[in-house]
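**Q** Following this message is one structure expressed as structure tokens.
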Amino acid sequence: KDKQAMSENQTVMPRALLVPVKGILLPDHIAKDLDAVSAFCPHPSDILIAAFPKSGSTWTAEIVDQLLHNGDVESCRRAPITVRTAFLEAINILPPICRKSSGLHQLKEMAPPRVIKTHLPIQMVPVGFWEKKCKTIYVARNAKDTVVSFYHFHHMNLASPEPGPWESFVHKFMHGELAWGYWHDHVKGFWEEQEKRDILYLFYEDMKENPRREVERIMKYLDLSLSDDDIGHIVELTTFKNMKENPMTNFSFFPPEIYNQSISKFMRKGEVGDWKNHFTPEQSAAFDEDYEKKMKQANIPFKTEL
Ligand SMILES: *[C@@H]1O[C@H](CO)[C@@H](O)[C@H](O)[C@H]1NC(C)=O
Ligand SMILES: *[C@@H]1O[C@H](CO)[C@@H](O)[C@H](O)[C@H]1NC(C)=O
């Protein structure tokens, strides 16, 4: 497919191709700059938020940014979430209003403690984060809801590869053929290292079930201490409904040539169990069988419904 150059006034996003990097498929534009990303040297106070795509990294980034700013409404409206927090491996393909530059460039202009998001699997996280003992939060979401969300995201994110039909999309997910590789290895990689590397491992479903409890866990992990009122404000400001209505988190600041929200909203449903509206019973059974094989040993307590 023709990769079209961007003209000055009009952004035509070419859909990404996936290329393997150390056995992991990544969007070509991200793969290109990965050596520079690996060499990134964080400050010890920087906070890393890692997740497979569509698992709650934007949500967690918003909570962490709020915690660092005591949860006042103005702080979460001061700039788009993509400016307040940096997407480590992002490269400069976006117009300046939504991201001025690549993640690395953006980081140079931010003062620690910086909130840094990544979708990289653990073996690709720059070693500097471990050497500096940076606080690292991982957020995981059950596989079935993740694949549903990723599917809708591929439709509206015109910079991602063509999703193709649902049936084959699920197949690709099961076989590590989507961007960022196997979901299974991603969630297991951080799970297995959580104690050794002092990673706070969160579940999207727990955050839905009891947001206050999870916000408090994040607060304690970050060695912060906020008043009950401030915690309450953060819980309120980071509900799905409020983040969907907050122009600094709902990606209305992204141009529709990249995120076309008439196709599907960036903040789409934010529910646990929406997979039931997408999987046929046969697909669900085949998925579960494959899941058992890949995930049994790891024994990670995912919930697929609340
Ligand atoms: C984002 O929030 C603004 C303000 O509430 C709203 O007008 C807009 O429709 C929202 N955009 C999306 C895509 O949800
Ligand atoms: C977004 O998608 C809608 C619905 O498919 C389409 O009519 C519109 O032209 C698209 N906008 C852009 C900027 O691509």
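**Q** For the stretch 288-299, what does the Karplus curve 6.51 cos²θ - 1.76 cosθ + 1.60, with θ = phi - 60°, yield as ³J(HN,Hα) per residue in whole Hz, taken in order and with x for Gly and Pro?
**A** 4, 5, 5, 4, 3, 4, 7, 10, 3, 4, 5, 6
**Q** Please work out the FRET efficiency for the pair LEU17 and ARG78, using the Cβ-Cβ distance as r and a Förster radius of 35 Å; give the result to the nearest 0.05.
**A** Working: r = 36 Å, r/R0 = 1.02.
With R0 = 35 Å, the Cβ-Cβ based efficiency is 0.45.
**Q** Answer rounded, prolate or oblate for the chain, using the Cα gyration tensor with square roots of eigenvalues a ≥ b ≥ c: rounded when a/c is under 1.5, else prolate when a/b is larger than b/c, else oblate.
**A** rounded
**Q** Still on this structure, please answer the following. Of LYS54/LYS220; LYS172/LYS208; LYS244/LYS269; LYS244/LYS303, which pairs sit farther than 18 Å apart, going by alpha carbon to alpha carbon? Don't jump to the answer; show the numbers that get you there.
**A** Numbers: LYS54/LYS220 25 Å; LYS172/LYS208 27 Å; LYS244/LYS269 9 Å; LYS244/LYS303 24 Å.
Too far apart for the 18 Å limit: LYS54/LYS220; LYS172/LYS208; LYS244/LYS303.
**Q** Tell me which GluC sites (Glu not before Pro) from the stretch 86-195 have a DSSP coil assignment and no more than 13 other beta carbons within 10 Å of their own.
**A** Values: sites: GLU89, GLU109, GLU131, GLU167, GLU177, GLU192, GLU193, GLU195; in loops: GLU89, GLU109, GLU177, GLU195.
Loop-located and lightly packed - GLU109, GLU195.
**Q** May I pose another question? I'd like the projected area of the stretch 189-306, averaged over all directions, using the convex hull of its alpha carbons. Report it in nm² with one decimal.
**A** So the mean shadow area of the Cα hull is 10.2 nm².
**Q** What are the ³J(HN,Hα) couplings of the stretch 124-138, residue after residue, when phi is run through the Karplus curve with 6.51, -1.76, 1.60 and θ = phi - 60°? Round to Hz, x for glycine and proline.
**A** Result, ordered by residue: 9, 5, x, 4, x, 5, 7, 4, 8, 6, 5, 4, 10, 10, 10 Hz.
**Q** Now a separate question. Using the Karplus curve 6.51 cos²θ - 1.76 cosθ + 1.60 with θ = phi - 60°, work out ³J(HN,Hα) for each residue of the stretch 197-210 in order, rounded to whole Hz, and write x for Gly and Pro.
**A** Using θ = phi - 60°, the values come out as 9, 6, 8, 7, 9, 10, 10, 3, 5, 5, 5, 6, 5, 8 Hz.
**Q** Next question. Give me the extension gain from HIS43 to THR239: residue separation times 0.36 nm, minus the current Cα-Cα distance, reported in nm with one decimal. Please report the intermediate quantities before stating the final value.
**A** Working: separation 196, 0.36 × 196 = 70.56 nm, distance 3.01 nm.
Fully extending the segment from HIS43 to THR239 adds 67.6 nm.
**Q** I've got another one for you. What is the set of long-range amide H partners of VAL21 at a cut-off below 5 Å, with H atoms built 1.01 Å from backbone N?
**A** Result for VAL21 returns LEU26.
**Q** Continuing with this model, one more query. With a ≥ b ≥ c taken as the square roots of the eigenvalues of the C-alpha gyration tensor of the stretch 87-209, please select rounded if a/c is under 1.5 and otherwise prolate if a/b is larger than b/c or oblate if it is not? Display every interim value, and only then the final one.
**A** Working: a/c = 1.96, a/b = 1.17, b/c = 1.68.
Judged from the Cα gyration tensor, the stretch 87-209 comes out oblate (a/c at least 1.5, b/c at or above a/b).
**Q** Determine the calculated [θ] at 222 nm for the chain from helices alone, applying -39500 (n - 2.57) to every DSSP H run no shorter than 4 residues and normalising by the residue count; nearest 500 deg cm²/dmol.
**A** On the way: 15 runs with 121 residues, N = 306.
Calculated at 222 nm, the ellipticity per residue is -10500 deg cm²/dmol.
**Q** Tally Lys/Arg at +1 and Asp/Glu at -1 over every other residue whose Cβ is under 11 Å from the Cβ of SER45; what's the total? Walk me through the intermediate numbers first.
**A** On the way: positive: ARG114, LYS132, LYS133, LYS135; negative: ASP46, ASP223.
Net charge in that neighbourhood comes out at +2.
Any read-out appearing in this document is the output of simple, stated calculations on the displayed coordinates, not a laboratory observation. Remember, it's a predicted structure, so these values are computed and weren't measured experimentally. With ideal geometry, Cβ positions are generated from the backbone for all residues, glycine too; neighbour counts draw on all protein chains shown.
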